[in-house]
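What follows is a short report on a single structure.
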Amino acid sequence: MIDWNEDQIELREGLSAWHEAFSADHVENDEGSVFSWQKWKLVAESGILSLPFDERWGGLGQDLLTTMYVLEGLGEGCRDGGLNFSITTTICSVGVPVERFGSPALKDKYLPQIIAGDAIGAHAITEPAGGSAALQMRTKADRDGDTFILNGSKTFVSNGPIADLFMVYAKTHPDGGPLGVTAFLIEKDTPGFEVGNPIKKMGLRTSPLSELYFDDCRIPASQVCGRVGGGFLVLDHVMKREILYSFIVNVGEMQHRLGKVVEYAKERLQFGKPIASYQAVANKIVDMKIKLETSRKWLYDTAEKLARGDNVTTDMAIAKLLTSQANLDTSLAAVQIFGGNGYMAEYGLEKEVRNAVAGTIYSGTNEIQYNRIASMLGLS
């Protein structure tokens with residue numbers, strides 16, 4: 001385990017004071033698929049959006065592992081999983097790629113907005129026909145002097161209905177393969193750009209999702225993030241941070257879940273004994289602990305390798321696959337241990353199952369992660 005220093009612990013504990021406010025009405029808001037603007041205001045005030053960004057734009061300048069450590073605390077303390085997801089999406093979708101690849105003008109204009117919580121971010125990759133096959137995207141951007149004209153659509157865009165800034169990936173060279181895709185930073189009120197209505201979904205309901213439509217949407221070339229044809233470099237950088245940031249939040253959620261289950265199993269009596277005394281129950285809880293610690297270790301170990309500049313293609317796929325499956329497995333185990341109470345909405349555990357299913361799909365489905373690992377082993 002990492003030996004966190006006093007400054008890191010103090011930062012995490014300082015932000016944890018906001019978690020109760022972040023969690024307010026989480027069951028009711030989930031039931032109504034409500035994104036709380038009041039909570040977002042509190043998120044902005046807390047400073048959590050500023051964690052990984054340089055101080056010159058108002059950030060806290062924290063390194064990768066410290067940011068993850070604090071986000072793990074967010075997952076442990078905040079019961080609004082959708083809000084947590086919207087937070088990490090905003091950090092990763094626009095802030096992370098603009099700081100790494102954006103021009104000085106893009107950084108100066110947009111990073112302070114993201115850091116202050118004045119602009120919510122979203123990234124648009126997936127398309128209705130392409131799914132996980134990003135190279136098959138049909139959204140195109142044709143060069144016209146100092147502008148690009150975008151046409152096409154995107155789907156499954158988290159934060160779509162509430163976002164102010166969108167990182168959109170489009171083909172700028174139809175036969176360019178990985179070098180034929182470019183990342184564009186687009187503001188929500190741009191002519192020719194339309195955000196669809198929120199789409200009802202199984203979990204993470206307080207983090208709204210929608211489709212996007214582009215009809216002769218004219219974008220200045222100055223809004224390109226990185227270089228023309230360099231979209232997959234941007235996307236690769238974003239996806240690595242998205243996996244580390246969003247799934248370390250899941251680790252925090254698993255930590256909270258484990259504590260809740262241990263407490264309940266010690267107090268709940270069946271046939272005159274605490275249910276924790278029954279091996280069938282105790283084994284489920286031990287499995288939860290093992291899956292939690294395995295996920296935590298893989299994510300932090302992978303982050304350390306990434307910070308050193310190592311190739312983490314396989315590590316990232318394993319970490320994502322293990323953590324998403326562990327989050328789902330432990331959420332189901334918690335419902336089983338709580339029995340009828342776990343099945344009731346008021347306890348929030350059934351909501352955690354629905355939220356956890358999403359993790360096996362977003363950031364590259366678990367099936368894609370298996371394929372990626374197999375490819376790195378020379379099996380395909």
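State all residues of segment 197-210 that are out of contact with any helix residue (DSSP H, G or I) (no Cβ under 7 Å at 6 or more places or on another chain) and surrounded by 15 or more Cβ atoms within 10 Å (Cβ to Cβ); if no residue qualifies, say none.
Ile199, Lys201
Being in contact with a Leu (Cβ under 7 Å, 6 or more places away or on another chain) and either of a type in the set (Phe, Trp, Tyr) or touching a residue at least 12 places away in the same chain (Cβ under 8 Å) (or both) narrows it down to one residue among Pro208, Pro198, Pro191, Pro220; which is it?
Pro198
Restricting the first residue to segment 27-54 and requiring it to be in contact (Cβ under 8 Å) with a residue 60 or more places away in the chain, which pairs with a second residue that is open to solvent by 20 Å² or more (accessible area, probe 1.4 Å) and hydroxyl-bearing (Ser, Thr, Tyr) meet a Cβ separation below 8 Å and a spacing of at least six or different chains?
Every condition considered, the pairs that remain are Asn29/Ser36.
Does Leu135 fit the bill of being open to solvent by 10 Å² or more (accessible area, probe 1.4 Å) and outside any loop (DSSP other than H, G, I, E, B)?
Judged against the criteria, Leu135 is a match.
Please find, among Thr147, Thr172, Thr89, Thr155, the residue that is under 19 Å from Ile48 (Cα atoms), in contact (Cβ under 8 Å) with a residue 40 or more places away in the chain and hydroxyl-bearing (Ser, Thr, Tyr).
From the options Thr147, Thr172, Thr89, Thr155, the qualifying one is Thr89.
Taking the options Leu179, Leu185, name whichever one is open to solvent by 60 Å² or more (accessible area, probe 1.4 Å), of a type in the set (A, V, I, L, M, F, W, C) and either assigned to a strand (DSSP E or B) or modelled with pLDDT under 95 (or both).
On inspection, the qualifying residue turns out to be Leu179.
Inside segment 341-364, can you point out the residues that are open to solvent by 30 Å² or more (accessible area, probe 1.4 Å) and not in a helix (DSSP H, G or I)?
Met344, Ile361, Tyr362
If I ask for residues that are open to solvent by 70 Å² or more (accessible area, probe 1.4 Å) and of a type in the set (Asp, Glu), which ones from segment 98-117 would you list?
Asp108 - this is the single residue of segment 98-117 that is open to solvent by 70 Å² or more (accessible area, probe 1.4 Å) and of a type in the set (Asp, Glu).
Can Asp301 be described as of a type outside the set (S, T, N, Q) and either farther than 20 Å from Met68 by Cα or part of a loop (DSSP other than H, G, I, E, B) (or both)?
no
Out of Ala129, Ala124, Ala134, Ala105, I need the residue that is more than 22 Å from Gly14 (Cβ to Cβ), without any contact (Cβ under 8 Å) to a residue 24 or more places away in the chain and hydrophobic (A, V, I, L, M, F, W, C). Which one?
Going through Ala129, Ala124, Ala134, Ala105 in turn, just one is more than 22 Å from Gly14 (Cβ to Cβ), without any contact (Cβ under 8 Å) to a residue 24 or more places away in the chain and hydrophobic (A, V, I, L, M, F, W, C): Ala129.
Find the residue count for segment 1-42, including only residues that are of a type in the set (Gly, Ala, Ser) and either closer than 12 Å to Asp80 by Cα or open to solvent by less than 30 Å² (accessible area, probe 1.4 Å) (or both).
The total comes to 5.
If a residue must be part of a helix (DSSP H, G or I) and either open to solvent by less than 40 Å² (accessible area, probe 1.4 Å) or touching a Gly at 6+ places or on another chain (Cβ under 6 Å) (or both), how many such residues does segment 43-64 contain?
9
Could you go through segment 232-252 and let me know if any residue there is open to solvent by less than 30 Å² (accessible area, probe 1.4 Å), more than 30 Å from Leu185 (Cα to Cα), assigned to a helix (DSSP H, G or I) and hydrophobic (A, V, I, L, M, F, W, C).
Yes, segment 232-252 contains a residue that is open to solvent by less than 30 Å² (accessible area, probe 1.4 Å), more than 30 Å from Leu185 (Cα to Cα), assigned to a helix (DSSP H, G or I) and hydrophobic (A, V, I, L, M, F, W, C).
Check whether at least one residue in segment 118-125 is open to solvent by 10 Å² or more (accessible area, probe 1.4 Å) and over 15 Å from the mean Cα position of the chain (by Cα), and report yes or no.
Yes - at least one qualifying residue is present in segment 118-125.
Identify, please: which residue in segment 254-274 is open to solvent by less than 30 Å² (accessible area, probe 1.4 Å) and not β-branched (Val, Ile, Thr) and is, among those, nearest to Glu72 (Cα to Cα)?
The qualifying residue nearest to Glu72 (Cα to Cα) is Met254.
Determine if segment 297-312 includes at least one residue that is touching an Asp or Glu at 6+ places or on another chain (Cβ under 9 Å) and of a type in the set (Gly, Ala, Ser).
yes
Would you mind finding the one in Glu304, Glu267 that is charged (D, E, K, R), more than 20 Å from Asn366 (Cα to Cα) and in contact with a Leu (Cβ under 8 Å, 6 or more places away or on another chain)?
Just a single option satisfies the conditions, and that option is Glu304.
Would you check which residues across segment 10-25 are small (Gly, Ala, Ser), in a helix (DSSP H, G or I) and in contact with a Lys or Arg (Cβ under 9 Å, 6 or more places away or on another chain) and list them?
The answer is Ala21, Ser23.
Restricting to segment 305-334, what's the tally of residues that are under 21 Å from Ala276 (Cα atoms) and surrounded by fewer than 19 Cβ atoms within 10 Å (Cβ to Cβ)?
Total meeting the criteria: 2.
The values are calculated or read from the model by the stated rules, or taken from the named source; none is laboratory data. Please read these numbers as outputs of a predicted model, since none were measured by experiment. Don't worry about glycine lacking a Cβ; one is built from the backbone with ideal geometry, like all the others, and counts go over all protein chains shown. We work out accessible area using only protein heavy atoms, side chains counted, and drop any ligands, DNA or RNA first. Shrake-Rupley method; radii C 1.70, N 1.55, O 1.52, S 1.80 Å.
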